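Below is one structure; the comments refer to it alone.
Each value in this text was obtained by applying a stated rule to the coordinates, not by laboratory testing. On a predicted model such as this, the values are computed, not experimentally measured, just so you know. Cβ placement follows ideal geometry from the backbone for every residue including glycine, while neighbour counts extend to all protein chains displayed.
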């Protein structure tokens, strides 16, 4: 790969695509040419980036000629169809969709957790689900110290996880509510403002878990390289524009104290401890929005256990940033660095 | 007590006080005279109820003469001071505050769970914390079948739990946000609209648990009459006006299937099962608002366990109604019925 790679972004007009542009700029990512790709619908959209204007091109089989790295963030079916083409053209593909995550020969990477998985790849690397990334960044350092046996997590997920249209609908519902107009329910089909509801992803009829919950379980096991990790999730949408939060209960093989956990997390990469019991300053999605680190707080013993092997914590992280765009760019940086 | 009791409501202008009036009316609660009491600030407020107008009187030591039942919903310090006076005047006191809940000789009652605790009382009965009530109604029927050993719960709590002023501030913040004005932060001191934050109750500096979480643990143990019940809670405010939700993980002494759990909950008093996996119809605070039953759904095996002794569920219940006013009125009804 040339020293100054040519980059393409598939889904450049979406919430994650736009965040990738922001992250590339903020990190001074070295790049030669930039190609913005999207569906027919967004073709011709003009996007200004670092003082240059780019016109969004329609994605096609010929879009990858001369491109070194392609970021895919246009959903699983687009990745399914076009990522293999990009790979066959010699590109490195960093895929934000769920299309290839659980393939045995596709690395699924959170650079703070399993960078070693990047050593051997076939030019296709998957970015995990956003909730999975935020969870893994926060608990991996504790796992290394005391081995996590079980994870029970309940999420507080923002609109951004469902894309720019979902964020716009939540904002519109706020305007509708204030104007005392009927609530717009085109995207979610229900009231979202002043409400919470179970995650809208497809539900497995037999187990009763939705796809978001199943992803958190299976992807975390793959990233941790531990098939025995016991994990259950409850994924819930809350009326927040961006940044997800999670209430996490951990059970360890070995005892671990609150003090040690806090000290481990304070030096952990990608983590910022915000755990002020006196001022009640703890992670909030508003504080995590547009920021890189996963905020971790409310670190305390699991009161339901007396063996010192249980810990509770609360985290918040920007779903578009570390949950998607930043993690993707970090993967590309790590590969470039070799 | 006379057959048609005289009723007083302390805190009549507050969110819970007003809801008590609604509940008394809807249930055709038999009553003679009605006396509305509040602080100096609300004195003189005129409230219309069942076609009659009542003027709010200032609470004082003489307020309880001729009164049979007093509902207290004006905070712990008011209850602490005036409830003993009302009791000494011969009133039955139903107290919504936390003042007496953990006193060994004060019954703490959820009528669907421990009505037997009403048999022997000294005219002072405590209404549990709202989150505790909603949790107990939903899980008690399962406890009776398979004995709950451990509860891990994460809450999604509405503004209403902090009172009418908190609800008004959340609504104001929505208007501020839409108008692109600075967000009003008088009550909570932070942005609530489009945000979530850890419960604002006082935090125990040593354990790191806030009072709301500690109440859920100790009150549930008292109501269940089981000092060994293992329980930990994470209490979080979400931008919802009324009705709390909870994600609950239960561990049982004995195995219990999803099918049996659902069938038990379908016939449980005070519970409505809303658990449609196909249509993704599950409990939401909007659906629980102004309704009596606690909605329970997402009933499924705890995927982190393979022994059939773990269950996960999601519930929503109106915090002002079953979480406070309705539970208080039900207690009075049960005592009147003898």
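Brief remarks on what is shown
- Cα centroid of segment B:136-176 to Cα centroid of segment A:224-258, whole Å: 20
- Between the Cα long axis of helix B:76-88 and the first principal axis of chain B there is an angle of about 60°, rounded to the nearest 10.
- Computed log₁₀ I(q)/I(0) - Debye formula, equal Cα scatterers, no solvent, segment A:93-161, q 0.19, 0.29 Å⁻¹: -0.87, -1.29
- Compared with the dominant principal axis of the Cα atoms in chain B, helix B:164-178 is inclined by about 70°.
- Cα point-scatterer Debye curve for the protein assembly as shown, base-10 log of I(q)/I(0) at q = 0.07, 0.08, 0.09 Å⁻¹: -0.49, -0.63, -0.77
- Rounded to the nearest 5, the antiparallel percentage of DSSP beta bridges internal to segment A:132-319 is 75%.
- Between copies, the label points of residue B:3, set 7 Å from Cα on the Cα→Cβ line, lie 10.0 nm apart, reported in increasing order to one decimal in nanometres.
- Taking the C-alpha atoms of chain A, convex hull volume expressed per residue in Å³: 157
- Förster radius 45 Å - calculated FRET efficiency between residue A:279 and residue B:25, Cβ distance, rounded to 0.05: 0.55
- Between identical copies, the spacing of residue B:267 label points, each set 7 Å from Cα toward the C-beta atom, reads 6.0 nm from nearest to farthest.
- For chain B, the 222 nm mean residue ellipticity estimated from helices alone, with every DSSP H stretch of n ≥ 4 adding -39500 (n - 2.57) and the total spread over all residues, rounds to -9000 deg cm²/dmol.
- Residues residue B:165 and residue A:186, FRET efficiency given R0 of 51 Å [Cβ-Cβ distance, rounded to 0.05]: 0.90
- Global geometry of segment B:132-319, whether rounded, prolate or oblate, following the gyration tensor of its Cα atoms and the 1.5 cut on a/c: prolate
- Computed over segment B:163-217, the quotient of the alpha carbon radius of gyration and 2.2 N^0.38 Å is 1.37.
- Taking N as the residue count of segment B:127-196, its C-alpha radius of gyration divided by 2.2 N^0.38 Å amounts to 1.57.
- The fraction of Cα-Cα pairs per 10 angstrom bin, counted from 0 for segment B:1-158, comes to 10, 36, 34, 15, 4, 0 percent, rounded to whole percents.
- Acute angle (nearest 10 degrees) that the helix B:15-26 long axis makes with the longest principal axis of chain B, alpha-carbon atoms: 90
- Ranked list, fewest to most other Cβ atoms within 10 Å of each Cβ, for B:92, A:152: B:92, A:152
- In percent, rounded to a whole number, the relative contact order of chain A is 18, using alpha-carbon pairs under 8 Å and six or more apart.
- Taking the square roots of 5 times each eigenvalue of the Cα gyration tensor of segment A:1-84, largest first, gives ellipsoid semi-axes of 18, 15, 12 Å.
- For segment B:70-216, diffusion coefficient by Stokes-Einstein and Kirkwood Rh (Cα), 10 °C, 1.306 mPa s, µm²/s: 89
- Inter-label distance, residue A:147 to residue A:334: 2.4 nm, where each label sits 7 Å from its Cα along the C-beta direction.
- Mean separation of Cα contacts under 8 Å, 6 or more apart, over the residue count of segment B:132-319: relative contact order %: 29
- Pseudo-label separations to other copies for residue B:308 - Cα-to-Cβ vector, 7 Å, nm: 3.6
- Our summary of shape: the Cα atoms of segment A:178-281 have principal axis extents of 53, 42, 20 Å, ordered from largest down, in whole angstrom.
- Overall form of segment A:55-132: prolate. Here a/c, set by the Cα gyration tensor axes a ≥ b ≥ c, is 1.5 or more, and a/b is the larger of a/b and b/c.
- Beta bridges per DSSP, both residues in chain A: antiparallel share near 50 percent.
- Label-to-label distance, nm, for residues given as residue A:179 and residue A:40 (7 Å Cα→Cβ offset): 3.2
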